[in-house]
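Colleague: Pasting a structure here, questions to come.
What follows draws every value from the coordinates through simple rules; no lab data is involved. Computed from a prediction, not measured in an experiment: that's the story for all the values here. Methodologically, a virtual Cβ is constructed for each residue, glycine included, from the backbone with ideal geometry; neighbour enumeration extends over all protein chains shown.
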Amino acid sequence: MEKKINKGMFGLFFEDINYGLDGGLHAEMLENRSFEFVEGRGYKRNYHQQEAYLYGWNSFGKGNIELSVSAENPYNSVNPHYLVVNALDSSSSFSNKAYDGIFLESGKSANISFYAKNTMENSVTIHIFSEDGSKIICSSSDISLDNSDEWKKYTTNIKTDFDIERGIFVVSINKPGKVCFDHFRMYPDDAVLGLFRKDLVELLKQLKPGFMRFPGGCVVEGNELTNRYQWKKTIGPSEERKSNWNRWAVHGNDDDKRDVGKFSYYNQTLGIGFYEYFLLCEYLGCEPLPVLNVGLACQYQSDQYVLSDSPEFKEYVQDAIDLIEFANGDTDTTWGKIRAEMGHKEPFGLKLIGIGNEQWETEKIDFFKRYEIFEKEIHKKYPEIRCCGSAGPDVTSKHYTDAWDHFSPKMKADPNYSYAVDEHYYVSDEWMYKNVHMYDSYDKHKKVFAGEYACHINPKEVPERRNSFGAALAEAAFMTGLEKNCDVVLMASYAPLFARLGYTQWQPDLIWFDAKKSYGTPSYYVQKLYSNFSGNVELQITDKLSCLEKDKVYITASKNDENIFIKVINAGENDVAIDISEISTKASSEVWKMHGQLDDCNSVDEPEKVALVKTDESIQSTFTSRHYSITAIVL
């Protein structure tokens with residue numbers, strides 16, 4: 001019996017971790033652009049925040065200048081704090097940290113905007129200085145400010161004729177006086193949709209993802225319910241989205257000996273919110289899969305929750321109903337109208353929704369009851385929506401078995417109860433090889449979303465070198481089991497997606513970048529292998545080919561109306577002869593390969609040291625699979 005491969009089986013998991021959004025995919029180049037940052041402090045069940053409204057902003061140069069923050073008569077009450085600059089001479093300037101500084105290629109430009117008010121006529125100029133602050137690389141024209149105590153938006157453009165690396169963003173006030181500033185923006189002209197960093201989006205586009213799960217991950221839950229992700233606070237004008245401290249700002253603060261971590265100023269500006277996530281999915285041609293909070297803070301880091309029979313919990317359920325209306329509703333509905341007013345009249349066509357991130361049942365936490373309430377209310381109004389459950393944080397503990405004890409009989413009785421249950425595993429290469437056939441024994445009524453997985457090896461290496469080819473080989477081998485069990489595993493996504501070099505809380509990660517460059521890891525090319533070279537029907541592998549697994553050679557094949565796709569993963573130490581006539585006698589039309597040593601890694605200097613490369617080779621019947629290699633054959 002043929003097994004159909006779910007269209008878009010291989011997708012993306014996105015979370016704002018490792019500065020993957022602010023400082024990464026979000027093309028905004030400035031930090032703390034609205035003067036609302038806080039410093040995240042504390043440890044498990046004992047978190048607190050301190051004001052850090054001036055974080056990232058400093059006086060610059062030799063001018064006499066005073067910087068302070070006020071909330072009196074703000075631009076809006078949602079983000080009330082703004083910068084007050086008292087320029088005491090005509091050479092007064094201030095700067096923004098901008099992560100590792102401004103990067104802008106020669107011939108490229110960036111759009112800049114800000115809001116200002118002042119009590120006398122004045123003008124400002126935007127400069128980009130060299131890293132050492134000794135010279136101006138490029139400048140905007142002078143921007144005349146109105147003599148008014150009313151807020152006004154100003155825009156300008158800056159272009160460089162030289163490559164800028166680690167440049168300093170500087171605002172110079174051209175006459176003495178007091179000026180108030182808020183809501184700075186700086187986006188490169190080539191930002192995708194005017195919002196997203198181009199090179200990172202291009203890497204995602206090449207994966208041809210079937211779906212994107214967002215916004216997490218643990219940020220969905222928050223370390224406290226106060227900093228959980230609330231989608232309604234992420235829509236509307238960007239200036240009116242309340243900044244939030246990031247749950248990953250306190251990662252690793254495990255006890256009272258470590259109150260402040262390395263990334264304590266990690267905040268979420270929410271310049272990219274649910275509307276923008278939907279736009280990105282549309283641009284990538286993939287299904288959006290938003291995940292919503294079920295009244296629980298992170299079960300690892302908190303004991304906060306709202307009771308499932310409380311009025312507060314009903315608000316969480318209503319958020320799910322309203323989100324579906326926001327995504328799919330007509331323009332005469334409350335939330336559909338808001339979507340249209342934001343610029344997208346047509347519905348986004350949402351089909352999938354995640355109920356809870358990584359939840360499990362305990363004596364106090366009734367997750368299964370919460371799921372049932374969400375599922376019932378969603379399907380009462382939107383029976384076509386596919387709800388995804390959670391099997392907890394791993395596949396080796398009682399959390400996992402408890403989850404399937406709950407979901408399995410209900411899915412058997414009613415397939416619409418849960419479209420798929422979200423399983424997570426961050427495991428060793430040894431575990432992955434041992435569990436290639438993990439899903440062979442699953443009852444067919446069970447449906448799985450492998451929502452977070454990665455091979456974790458080389459723990460003593462620097463973060464970016466944990467993404468070795470050895471890890472990628474183990475993932476590729478394990479994924480043969482996902483594809484062969486496509487009647488059980490409906491979706492799969494590696495996690496996490498992004499990491500900014502020098503800003504990581506979690507590793508390994510699929511794509512690494514700095515201000516200038518980005519690159520896919522060997523694991524990235526494994527994901528590309530599966531998303532680009534899988535058909536819509538799985539082909540059964542003969543016993544002769546299956547027996548090669550004893551040599552750590554794993555083979556899978558699939559087809560669509562035009563082609564047959566064969567993937568060969570040789571994780572063994574020996575070259576092995578492969579007879580593809582066991583699958584088809586057609587000659588190859590394309591052959592793609594990647595190979596390397598187990599410890600090989602990509603980097604900003606060698607971004608494709610281990611990559612999937614198209615070859616000139618033609619394969620008719622047999623070929624030699626090189627040790628430590630991956631091959632994709634298109635017939």
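Colleague: List, in order, the whole-Hz ³J(HN,Hα) value for each residue of region 569-586 obtained from phi through the Karplus relation with A = 6.51, B = -1.76, C = 1.60 and θ = phi - 60°; use x for Gly and Pro.
Modeller: Those phi angles translate into 10, 9, 9, x, 8, 10, 6, 9, 7, 10, 9, 6, 5, 5, 10, 7, 9, 5 Hz.
Colleague: I need the phi-derived Karplus couplings for region 602-607: 6.51 cos²θ - 1.76 cosθ + 1.60, θ = phi - 60°, integer Hz, Gly and Pro marked x.
Modeller: 7, 7, 5, 7, 10, x
Colleague: With +1 on the Cβ of every Lys and Arg and -1 on the Cβ of every Asp and Glu, and nothing else charged, how large is the dipole of the chain about its Cα centre, in debye rounded to the nearest 20?
Modeller: Values: 70 positive and 95 negative charges, 70 e Å.
About 340 debye.
Colleague: Separate question: Once you keep just the Cα pairs under 8 angstrom separated by 6 or more residues, what percentage relative contact order results for the chain? List each step's numbers first, then the result.
Modeller: Working: 1555 pairs, mean separation 85.9, N = 635.
Over the chain, the number comes to 14 percent.
Colleague: Then there's this: On a full-extension model of 0.36 nm per residue, what is the gain between Lys198 and Glu315, subtracting their alpha-carbon distance, rounded to one decimal in nm?
Modeller: On the way: separation 117, 0.36 × 117 = 42.12 nm, distance 3.70 nm.
Result for the pair: 38.4 nm of gain on full extension.
Colleague: Next question, about the same structure. Tell me which residues come under 5 Å, amide H to amide H, from Asp189 once H is placed; ignore anything under 5 positions away on its chain.
Modeller: Residues meeting the criterion, in which the H sits 1.01 Å from N, are Ser109, Ala110, Asn111.
Colleague: How many angstrom lie between the Cα centre of region 20-87 and the Cα centre of region 531-581?
Modeller: One Cα centre to the other: 54 Å.
Colleague: For Leu88 and Ser134, what is the calculated FRET efficiency with R₀ set at 25 Å and r taken between the beta-carbons, to the nearest 0.05?
Modeller: The value I calculate is 0.60.
Colleague: Name the long-range amide H neighbours of Gly596: under 5 Å, sequence gap of 5 or more, or other chain; modelled H, no Pro or chain starts.
Modeller: none
Colleague: Next question, about the same structure. So for Asp182, Asp599, fewest C-beta neighbours within 10 Å to most, what's the order? Mind dumping the intermediate values first?
Modeller: On the way: Asp182 23, Asp599 13.
So the residues, fewest neighbours to most, are Asp599, Asp182.
Colleague: Given a cut-off of under 8 Å on Cα pairs at least six residues apart, what relative contact order in percent is computed for region 504-635? Walk me through the numbers before you get to the answer.
Modeller: Working: 258 pairs, mean separation 37.9, N = 132.
Relative contact order, region 504-635: 29 percent.
Colleague: Here's another thing I want to ask about it. Figure the gain on full extension for Asn147 and Val78 (residue separation times 0.36 nm, minus the Cα-Cα span) and round it to one decimal in nm. Write down the numbers at each step before the final one.
Modeller: Numbers: separation 69, 0.36 × 69 = 24.84 nm, distance 2.53 nm.
Difference between extended and current length: 22.3 nm.
Colleague: Around Gln206, with a cut-off of 14 angstrom between Cβ atoms, what is the net charge of the other residues, counting Lys and Arg +1 and Asp and Glu -1? Provide the component values of the computation, followed by the final result.
Modeller: On the way: positive: Lys198, Lys205, Lys208, Lys528, Lys614; negative: Asp199, Glu202, Glu608.
Net charge around Gln206: +2.
Colleague: So how do Leu207, Leu635 line up by other beta-carbon neighbours within 10 Å, fewest first?
Modeller: Details: Leu207 24, Leu635 19.
Lowest count first: Leu635, Leu207.
Colleague: Separate question: What nm value, rounded to one decimal, do you get for the distance between Asn111 and Asp514 when each label is placed 7 Å out toward the C-beta?
Modeller: Taking the simple label geometry, Asn111 and Asp514 are separated by 2.9 nm.
Colleague: Another question about this same structure. To test your reading of the geometry: what angle, between 0 and 90 degrees and rounded to tens, separates the Cα axis of helix 469-484 from the longest principal axis of the chain?
Modeller: Compared with the principal axis, the helix lies near 60 degrees.
Colleague: What nm distance separates the two modelled labels at Lys381 and Gln540, each placed 7 Å from Cα along Cα→Cβ?
Modeller: Going by the 7 Å Cα→Cβ label model, 4.7 nm.
Colleague: For the chain, what is the percent of antiparallel DSSP beta bridges, rounded to the nearest 5? If you can, show how the numbers build up before the last one.
Modeller: Values: 95 of 125 bridges.
Percentage antiparallel, nearest 5: 75.
Colleague: From the backbone phi of region 618-635, what are the Karplus-calculated ³J(HN,Hα) couplings (6.51 cos²θ - 1.76 cosθ + 1.60, θ = phi - 60°) in whole Hz, Gly and Pro given as x?
Modeller: Taking θ as phi minus 60°, the curve returns 10, 10, 9, 9, 10, 8, 9, 7, 5, 4, 6, 8, 10, 10, 10, 10, 9, 9 Hz for region 618-635.
Colleague: Determine the calculated [θ] at 222 nm for the chain from helices alone, applying -39500 (n - 2.57) to every DSSP H run no shorter than 4 residues and normalising by the residue count; nearest 500 deg cm²/dmol. If you can, show how the numbers build up before the last one.
Modeller: Values: 10 runs with 114 residues, N = 635.
So the helix-based figure for the chain works out to -5500 deg cm²/dmol.
Colleague: So for the pair Gln597, His48, with labels modelled 7 Å out along Cα→Cβ, what separation do we get in nm?
Modeller: With each label point 7 Å from Cα toward Cβ, the separation is 5.2 nm.
Colleague: Among Met491, Met120, Met186, which comes first, then next, by fewest other beta-carbon atoms within 10 Å?
Modeller: Details: Met491 26, Met120 11, Met186 22.
Result, fewest neighbours first: Met120, Met186, Met491.
Colleague: Hey, can you grab everything whose amide H is under 5 Å from the amide H of Leu497? Only 5+ residues off in sequence or another chain; H modelled, so Pro and N-termini drop out.
Modeller: For Leu497, whose amide H was placed from the backbone, the distant partners under 5 Å are Glu15, Leu510.
Colleague: Less than 12 Å Cβ to Cβ from Lys117, Lys/Arg counted +1 and Asp/Glu -1: what total charge do the surrounding residues give? Please list the in-between numbers first.
Modeller: On the way: positive: Lys152, Lys153, Lys178; negative: Glu72, Asp146, Asp149, Glu150, Asp182.
The answer is -2.
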